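Reading through the C-alpha coordinates given below for one structure.
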(Lines give C-alpha, C1' and ligand atoms only; values in the text may rest on other atoms or scores of the structure.)
Protein backbone atom coordinates (compact mmCIF):
# COMPACT_ATOMS: atom_id res chain seq x y z
CA UNK A 1 0.00 0.00 0.00
CA UNK A 2 1.20 3.48 -0.82
CA UNK A 3 0.37 6.38 1.45
CA UNK A 4 0.83 9.93 0.24
CA UNK A 5 0.61 12.96 2.49
CA UNK A 6 -0.20 16.26 0.74
CA UNK A 7 2.41 18.93 1.44
CA UNK A 8 0.11 21.79 0.46
CA UNK A 9 -2.86 22.95 -1.55
CA UNK A 10 -3.32 24.84 -4.83
CA UNK A 11 -5.47 27.96 -4.96
CA UNK A 12 -6.38 28.82 -8.53
CA UNK A 13 -9.18 30.52 -10.46
CA UNK A 14 -10.11 27.19 -12.09
CA UNK A 15 -12.98 25.75 -10.06
CA UNK A 16 -14.22 22.95 -12.36
CA UNK A 17 -12.86 20.64 -15.04
CA UNK A 18 -13.12 22.32 -18.40
CA UNK A 19 -12.16 25.75 -17.05
CA UNK A 20 -8.42 25.06 -16.97
CA UNK A 21 -6.37 25.09 -20.18
CA UNK A 22 -5.09 21.75 -21.54
CA UNK A 23 -1.56 22.99 -20.92
CA UNK A 24 -1.13 25.90 -18.57
CA UNK A 25 2.56 26.50 -19.12
CA UNK A 26 2.13 29.60 -21.26
CA UNK A 27 -0.81 30.98 -19.31
CA UNK A 28 -0.33 34.23 -17.38
CA UNK A 29 -3.00 33.12 -14.87
CA UNK A 30 -1.73 33.21 -11.29
CA UNK A 31 -2.09 30.36 -8.81
CA UNK A 32 -1.00 30.27 -5.19
CA UNK A 33 0.63 27.23 -3.65
CA UNK A 34 0.11 27.10 0.10
CA UNK A 35 2.61 24.82 1.77
CA UNK A 36 1.41 23.26 5.02
CA UNK A 37 3.34 24.38 8.14
CA UNK A 38 5.30 21.14 8.75
CA UNK A 39 6.75 21.38 5.22
CA UNK A 40 7.60 25.10 5.07
CA UNK A 41 11.25 24.45 6.11
CA UNK A 42 11.60 22.33 2.94
CA UNK A 43 11.09 25.48 0.83
CA UNK A 44 14.16 27.37 1.90
CA UNK A 45 14.40 30.63 -0.02
CA UNK A 46 14.20 29.14 -3.53
CA UNK A 47 16.66 31.87 -4.56
CA UNK A 48 17.82 31.44 -8.13
CA UNK A 49 14.96 29.09 -9.08
CA UNK A 50 12.68 30.48 -11.79
CA UNK A 51 10.54 27.41 -12.53
CA UNK A 52 9.28 24.48 -10.49
CA UNK A 53 7.66 21.14 -11.18
CA UNK A 54 4.46 20.85 -9.18
CA UNK A 55 3.15 17.33 -8.63
CA UNK A 56 -0.44 17.37 -7.52
CA UNK A 57 -3.39 15.01 -7.22
CA UNK A 58 -6.17 15.53 -9.77
CA UNK A 59 -8.81 14.69 -7.20
CA UNK A 60 -11.77 15.32 -9.53
CA UNK A 61 -10.47 13.28 -12.48
CA UNK A 62 -11.98 10.01 -13.65
CA UNK A 63 -9.94 7.02 -12.52
CA UNK A 64 -11.59 4.13 -14.33
CA UNK A 65 -10.48 4.91 -17.89
CA UNK A 66 -7.62 3.24 -19.71
CA UNK A 67 -8.47 4.94 -23.01
CA UNK A 68 -9.31 8.63 -23.38
CA UNK A 69 -10.50 10.73 -26.27
CA UNK A 70 -10.37 14.36 -27.30
CA UNK A 71 -12.76 15.91 -29.80
CA UNK A 72 -9.96 16.41 -32.34
CA UNK A 73 -8.84 12.72 -32.28
CA UNK A 74 -10.34 10.05 -34.51
CA UNK A 75 -9.81 7.25 -31.99
CA UNK A 76 -9.34 7.02 -28.22
CA UNK A 77 -5.74 6.69 -27.04
CA UNK A 78 -4.20 4.76 -24.14
CA UNK A 79 -3.87 7.04 -21.11
CA UNK A 80 -0.20 6.21 -20.53
CA UNK A 81 0.62 7.69 -23.97
CA UNK A 82 -1.23 10.99 -23.42
CA UNK A 83 -1.59 13.65 -20.74
CA UNK A 84 -5.26 13.17 -19.99
CA UNK A 85 -6.29 13.74 -16.35
CA UNK A 86 -8.31 10.51 -16.59
CA UNK A 87 -5.92 7.78 -15.47
CA UNK A 88 -5.59 5.06 -12.81
CA UNK A 89 -3.54 7.31 -10.51
CA UNK A 90 -4.35 10.93 -11.37
CA UNK A 91 -0.98 12.46 -10.55
CA UNK A 92 -0.33 15.69 -12.43
CA UNK A 93 3.06 17.13 -13.31
CA UNK A 94 3.05 20.81 -14.28
CA UNK A 95 5.67 23.51 -14.64
CA UNK A 96 5.04 26.74 -12.77
CA UNK A 97 6.90 30.00 -13.29
CA UNK A 98 7.71 31.45 -9.88
CA UNK A 99 6.41 34.98 -9.39
CA UNK A 100 7.20 35.21 -5.67
CA UNK A 101 7.91 33.20 -2.54
CA UNK A 102 6.84 34.45 0.86
CA UNK A 103 6.77 32.33 3.98
CA UNK A 104 4.88 29.18 3.08
CA UNK A 105 3.36 30.58 -0.11
CA UNK A 106 4.63 30.28 -3.66
CA UNK A 107 2.90 32.38 -6.30
CA UNK A 108 3.23 30.91 -9.80
CA UNK A 109 1.91 31.34 -13.30
CA UNK A 110 1.41 28.58 -15.84
CA UNK A 111 -0.34 25.99 -13.70
CA UNK A 112 -3.53 24.30 -14.91
CA UNK A 113 -4.46 22.82 -11.51
CA UNK A 114 -8.00 23.11 -10.21
CA UNK A 115 -8.63 25.12 -7.07
CA UNK A 116 -8.14 22.96 -3.99
CA UNK A 117 -5.91 20.35 -5.65
CA UNK A 118 -3.63 18.64 -3.10
CA UNK A 119 0.10 19.22 -3.72
CA UNK A 120 2.18 16.03 -3.50
CA UNK A 121 5.63 17.47 -4.13
CA UNK A 122 7.58 20.39 -5.58
CA UNK A 123 10.89 20.08 -7.41
CA UNK A 124 13.07 22.64 -9.18
CA UNK A 125 12.99 22.64 -12.96
CA UNK A 126 16.60 22.15 -14.06
CA UNK A 127 17.03 22.90 -17.75
CA UNK A 128 20.15 20.76 -18.22
CA UNK A 129 18.34 17.73 -16.76
CA UNK A 130 14.69 18.27 -17.70
CA UNK A 131 14.98 19.44 -21.33
CA UNK A 132 15.59 16.76 -23.98
CA UNK A 133 15.56 18.54 -27.37
CA UNK A 134 15.67 15.27 -29.35
CA UNK A 135 12.72 13.65 -27.54
CA UNK A 136 9.88 12.27 -29.66
CA UNK A 137 6.22 12.25 -28.68
CA UNK A 138 2.82 11.55 -30.19
CA UNK A 139 2.66 15.09 -31.54
CA UNK A 140 5.59 14.17 -33.82
CA UNK A 141 3.71 11.23 -35.40
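Among the listed residues 84, 71, which satisfies the condition of being in a loop (DSSP other than H, G, I, E, B), buried (at least 17 other Cβ atoms within 10 Å of the Cβ) and either in contact with a helix residue (DSSP H, G or I) (Cβ under 6 Å, 6 or more places away or on another chain) or free of Cβ contacts under 8 Å to residues at least 24 places away in the same chain (or both)?
Numbers: 71 fails: buried (at least 17 other Cβ atoms within 10 Å of the Cβ).
Being in a loop (DSSP other than H, G, I, E, B), buried (at least 17 other Cβ atoms within 10 Å of the Cβ) and either in contact with a helix residue (DSSP H, G or I) (Cβ under 6 Å, 6 or more places away or on another chain) or free of Cβ contacts under 8 Å to residues at least 24 places away in the same chain (or both) holds for just one of 84, 71, which is 84.
Residues to consider are 98, 122, 52; find the one that is in contact with a helix residue (DSSP H, G or I) (Cβ under 9 Å, 6 or more places away or on another chain) and either modelled with pLDDT under 85 or part of a strand (DSSP E or B) (or both). Walk me through it before giving the result.
On the way: 98 fails: in contact with a helix residue (DSSP H, G or I) (Cβ under 9 Å, 6 or more places away or on another chain); 52 fails: in contact with a helix residue (DSSP H, G or I) (Cβ under 9 Å, 6 or more places away or on another chain).
From the options 98, 122, 52, the qualifying one is 122.
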Task: Candidate set from segment 10-26 (those that are within 13 Å of residue 108 (Cα to Cα) and buried (at least 16 other Cβ atoms within 10 Å of the Cβ)); member that is modelled with the lowest pLDDT - done: 24
- [ ] State whether the residues of segment 31-43 include one that is in contact with a helix residue (DSSP H, G or I) (Cβ under 8 Å, 6 or more places away or on another chain) and touching a residue at least 12 places away in the same chain (Cβ under 8 Å).
- [x] yes
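Can residue 110 be described as modelled with pLDDT under 95 and touching a strand residue (DSSP E or B) at 6+ places or on another chain (Cβ under 7 Å)?
yes
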TODO: Would you mention how many residues in segment 27-49 are more than 19 Å from residue 4 (Cα to Cα) and assigned to a loop (DSSP other than H, G, I, E, B)?
DONE: 9
Open item on the list: Restricting to segment 101-112, give me the number of residues that are buried (at least 20 other Cβ atoms within 10 Å of the Cβ) and in a loop (DSSP other than H, G, I, E, B).
Closed with: 3
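The values are calculated or read from the model by the stated rules, or taken from the named source; none is laboratory data. Treat the numbers as computed from the prediction; the structure is a model and nothing was measured. Glycine gets a Cβ as well: all are built from the backbone with ideal geometry, and neighbour counts include every protein chain shown.
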